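Q: Dropping the structure in here first, questions after.
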Amino acid sequence: MEAEAAKAIGAGIACLGMGGAGIGLGHIFGNYLAGALRNPSAADGQFGRLIFGFAVTEALGIFSLLIALLLLFT
Amino acid sequence: MANDPIHQFHITKLVPIEIGGLDFSFTNSSLFMVATVAAAGAFLYMTTASRGLVPSRLQSITEMSYEFVASMLRDAAGSQGMRFFPLVFSLFMFVLVANLLGMFPYFFTVTSHIIVTFALALLVIGTVVVYGFWKHGLGFLKLFVPEGVPGVLIPLVVAIEVISFLSRPISLSVRLFANMLAGHITLKVFAGFVTSLSAMGVVGVAGAILPLLMTIALTGLEFLVAFLQAYVFAVLTCMYLNDALHPSH
Amino acid sequence: MADRSSGNGGGEPRGQADDDLARRRRDLDAAIAARRSEKVDEVAGADRGGKANWGHALRLSSEFISAIVVGAALGWFIDRGLGSSPWGLIGFLLLGFAAGVLNVMRATGQVAEFGRRTDRTED
């Protein structure tokens, strides 16, 4: 039972990493929006890079989700 | 407890039926599904019964909903897609009327249970898979192999495409379910603030005005969400049917 | 157009007039097509600004998350079936993440729909 409790606590701590990914995503989308409002004509061309940045940032968040899932389900 | 926001989603057995150890009871959920079908059917039938050349107001509502779904389907799946019109129209009307009926106080919201929305999504995806295989045979599997991918990457890409395909019924059902559930819980919580604040005396009644205004605004938003979710469900159904009709271009 | 036909009218009456007529019809067709597409675009743009935009916004997050959930669930069941304990979950969660990004890109129109290339040919 002790080990189970430690696992659950560890999974909770691992989920904190996703908060960092959330901050990063906020930066990405916020800066994209700021840039898009300054120069709307260039916004559509940069959408692919927005998605790329989103994917790379979110991948790091997924790693911490992965650790949490591994702790909980294996 | 009167203010429990989850209480509105409880399923109660109205007529207990048990066949072979399985529970086939007629619950309040089933009652409202029957009511939804009856209301939608009766509305469509009665408004088109006279069939004036110049439509009356109610008849034009029916004609508008027909045109709305028909143009949506034709845009997404082409004119071949019109053979699925009965399916898409029934789904759209069922979800829309179920959402709208749920907005009545004390009524049960059918679409706030994930099993109902998941069954609807499975119906859509099942239609896509069965029709795709029936029409194109194994050629339907080309759906998972995009053209112009180097040979080494094909297993990886196919795995990703399969997961992407499998995620469709999940996202379709969870979206509808989560929106209805969250909306109704929010409404109930804000309405609960009004009653519990106004029980506190004069200051409470004055303070209860804010959550009351919030409840009114949220009710309007919920009507919008009820329509939007039915619309999104129908649009995505059309797009998925398009894959069954034209698996590869 | 009017001054051109009157100015060249003297040289070769028949052929010139036919040419001119054909050219004018082509011009007219092009003008009508330009007007029409403009109008259709305008209507579609107005529509997109309203309810369809809302629908899009509601779509994206659930598309992304559902792919990850499906990937993790698949990996978990494969692990349970084959006993390959953590690796199925790890691999399929990452594949699910890729599928989620693909879903988002499809929903925003960055990538063509299933099995379709960007330069779509008529079927």
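Nothing in this text is a laboratory measurement; each read-out follows from the coordinates by a stated rule. Small disclaimer: the values here were computed from a predicted structure and weren't measured. In this analysis, Cβ positions are derived from the backbone assuming ideal geometry, glycine residues included, and neighbour counts consider all displayed protein chains.
Q: With springs only between Cα atoms under 10 Å apart, run a GNM on chain B and tell me which of B:41, B:183, B:151 wobbles the most.
A: B:151
Q: Over segment B:41-95, calculate the relative contact order: mean separation of alpha carbon pairs under 8 Å at least 6 apart, over the residue count, as a percent.
A: Values: 20 pairs, mean separation 13.8, N = 55.
Answer for segment B:41-95 is 25 percent.
Q: Which one of B:102, B:207, B:21 has the biggest mean-square fluctuation once chain B is modelled by GNM with Cα springs under 10 Å?
A: B:21
Q: Taking Rh as the Kirkwood radius computed over C-alpha pairs, what is the Stokes-Einstein D of segment B:106-249 at 20 °C in a medium of viscosity 1.002 mPa s, expressed in µm² per second? It would help to have the intermediate numbers written out before the result.
A: Values: Rh = 18.3 Å.
Translational D for this selection: 117 µm²/s.
Q: Please give the charge dipole size of the protein assembly as shown, origin at the Cα centre, charges +1 on K and R Cβ atoms and -1 on D and E Cβ atoms. Round to the nearest 20 debye.
A: Details: 30 positive and 31 negative charges, 68 e Å.
With only Lys, Arg, Asp and Glu charged at Cβ, the dipole is about 320 debye.
Q: Can I ask one more? Taking the Kirkwood radius as the inverse of the mean 1/r across Cα pairs, report the Rg/Rh of segment B:149-214.
A: Numbers: Rg = 23.9 Å, Rh = 15.7 Å.
Ratio of gyration radius to Kirkwood radius: 1.52.
Q: Given the options A:20, A:35, A:61, which has the most mean-square fluctuation in a GNM of chain A, springs set between C-alpha atoms less than 10 angstrom apart?
A: Judging by the Gaussian network model, the answer is A:35.
Q: Would you mind giving the average projected area, over all directions, of the Cα convex hull of the protein assembly as shown in nm² with one decimal?
A: Details: hull surface 146.2 nm².
With the hull built on Cα positions only, its mean projection is 36.6 nm².
Q: Tell me which of B:64, B:93, B:29 sits at the most positive position along the dipole axis of segment B:23-122, charges placed on C-beta atoms (Lys, Arg +1; Asp, Glu -1).
A: It is B:64, whose Cα lies furthest towards the positive end.
Q: Dimensions of chain B along principal axes (Cα, Å, largest first)?
A: 74, 55, 46
Q: In deg cm²/dmol, rounded to 500, what helix-only [θ] at 222 nm does chain B give when every DSSP H run of at least 4 residues adds -39500 (n - 2.57) and the total is split over its residues?
A: Details: 7 runs with 170 residues, N = 249.
Counting only the DSSP helices, I get -24000 deg cm²/dmol.
Q: Right, here's the next one. Take the eigenvalues of the Cα gyration tensor for chain A, scale each by 5, and report the square roots as semi-axes in whole Å, largest first. If you can, show how the numbers build up before the last one.
A: Values: eigenvalues 269, 23, 5 Å².
After scaling each eigenvalue by five and taking roots: 37, 11, 5 Å.
Q: What's the magnitude of the charge dipole for segment B:7-245 around its Cα centre, counting Lys and Arg as +1 and Asp and Glu as -1 at the beta-carbon? Answer in Debye, nearest 20.
A: Here segment B:7-245 has a charge dipole of around 180 debye.
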